[in-house]
Amino acid sequence: MEYNRRKCAQGNQKRRRGTLKTEKNRRRKKILVLAGSVICVAVLVIVWKMAGRKDTETAGSSDKPEVTMTVDLFPGFEGEEAEKVLEGDLSNPEVLLEYAGSYDGVFYEDGGDQEKEDVFSLILTNIAEDTLEVMQLWIEDEKGETYHFQVSALPSGGTVLAQELEGKTFRKDAEYKVVGDNFGFLETDTELSVLDTEEKDGKIYVTNQGENTVNGVQIIYKNWLGGYAYPGGIAYRISLGEIPAGETQEITSEHYKDGASKITGMKKTQEPEGEENGESTD
C-alpha cells in the first residue's frame, strides 16, 4: 500500500511539473509574440517617420532639381545621343557632350532672342568642380562646312543647350565630326568672397561684407529654366566699379529677368573706362 501511494504521489508530481512546463511554454510564447509585435510596430513607425521626413525635405527644398533626363530639359530640342550623330570626342572628360540635334524656339546666342527653327544644337553638362568660364567647339560636316559652338559661365553640375553661333541648320542625313575644342575654367578669387549677391524682383544686389573697398568686378549670369538647365551657351557680364565696404549696389540689366536668369559666377577684372555697370556678352 505504502509503495502504491508513493508511486501515485510521484505520478502527481510529474503531472504537475508537466503542467507547469506547459504553462511556462505558453507564457514564453505569449511574451515572444508580444515582443515581436512591439518590434514590428516600432519598425513601421520608424519607416513612416523616415518617409515623412523625406517627403518634407523634398517639398521644402526648391533648389534640388528633379531627376530628369537631360534631353528632356529643353522643350523644342529633338536629337539623339551625341555618339550616334558625331564622330570624335571632347578633349576634356569633365565636360560631357550628351546629345546633338535640332532646336526650334528662341535663338539665344546673339542676344536677340528671336525665334528660329532647325538650329544645330548640343546638350552638354559640366561635371567639373569649377565653373566652366568658356568652352569653344568646332564641328565639321562631310562637305567641309564648319559649325562653331561656345559655352560661357556654366556652373558645376549645370547642363546647357548650346546653339550653333550663327544659327546654322542641323541636317539629319549629314556626317558630323568634332575637329577642335578648348576649355577654360573660372578660378576662385578669395578677394571676392566678401561679396554677397541677392537676386530679387528682377534686380541684382551686390553687398560688400568686407572691411575694404573692392574694385573691378564682373557679375556673370545666364538664361535659366530652373534647376540646372541653362538655355543658350551665351552669358552676360555686368562690370562694376568700386564697391565700398558695407555698401550695397543695386543693379538692373537689359537681359536679366526675374526667375529666368541666374548668376553663375563673379570675376575680378580691370574695369574699362566708361563701362561701369555696363553689360557685355560672350
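The values are calculated or read from the model by the stated rules, or taken from the named source; none is laboratory data. Keep in mind it's a predicted model, so treat the numbers as computed, not measured. Here the Cβ positions follow ideal geometry from the backbone for every residue, glycine too, while neighbour counts run over all protein chains shown.
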Exercise. Failed condition for Asp110, given (1) out of contact with any strand residue (DSSP E or B) (no Cβ under 6 Å at 6 or more places or on another chain); (2) assigned to a strand (DSSP E or B); (3) among the charged types (D, E, K, R), with all others met?
Worked result: (2)
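Residues checked against (1) in contact with a Leu (Cβ under 6 Å, 6 or more places away or on another chain); (2) on the phi > 0 side of the Ramachandran plot; (3) aliphatic (A, V, I, L, M):
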position: Lys203; (1), (2), (3): no, no, no
position: Asn212; (1), (2), (3): no, no, no
position: Tyr221; (1), (2), (3): no, no, no
position: Tyr228; (1), (2), (3): no, no, no
position: Gly232; (1), (2), (3): no, yes, no
position: Ala245; (1), (2), (3): no, no, yes
position: Glu254; (1), (2), (3): no, no, no
position: Thr264; (1), (2), (3): no, no, no
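May I ask you to say which residue of Lys262, Lys200, Lys168, Lys257 is assigned by TED's automatic domain parsing to the domain that holds Glu94 and of a type in the set (D, E, K, R)?
Result: Lys168 is the single residue among Lys262, Lys200, Lys168, Lys257 that is assigned by TED's automatic domain parsing to the domain that holds Glu94 and of a type in the set (D, E, K, R).
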For this session: Name the residue, out of Thr131, Thr159, that is at pLDDT 95 or above, among the hydroxyl-bearing types (Ser, Thr, Tyr) and closer than 23 Å to Gly76 by Cβ.
Result: Thr159
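Which ones in region 110-133 are over 19 Å from the mean Cα position of the chain (by Cα) and farther than 22 Å from Val85 by Cα?
Initially, region 110-133 is screened for residues over 19 Å from the mean Cα position of the chain (by Cα), giving 110-121.
Matches in region 110-133: Asp110, Gly111, Gly112, Asp113, Gln114, Glu115.
Residue by residue through region 152-189, note down the ones that are in a strand (DSSP E or B) and buried (at least 20 other Cβ atoms within 10 Å of the Cβ). Outline the logic, then answer.
From region 152-189, those in a strand (DSSP E or B) are 152-154, 159-163, 169, 176-185; that's our starting set.
Once the filter is applied, which keeps residues that are in a strand (DSSP E or B) and buried (at least 20 other Cβ atoms within 10 Å of the Cβ), region 152-189 yields Ser152, Ala153, Leu154, Thr159, Val160, Leu161, Ala162, Gln163, Tyr176.
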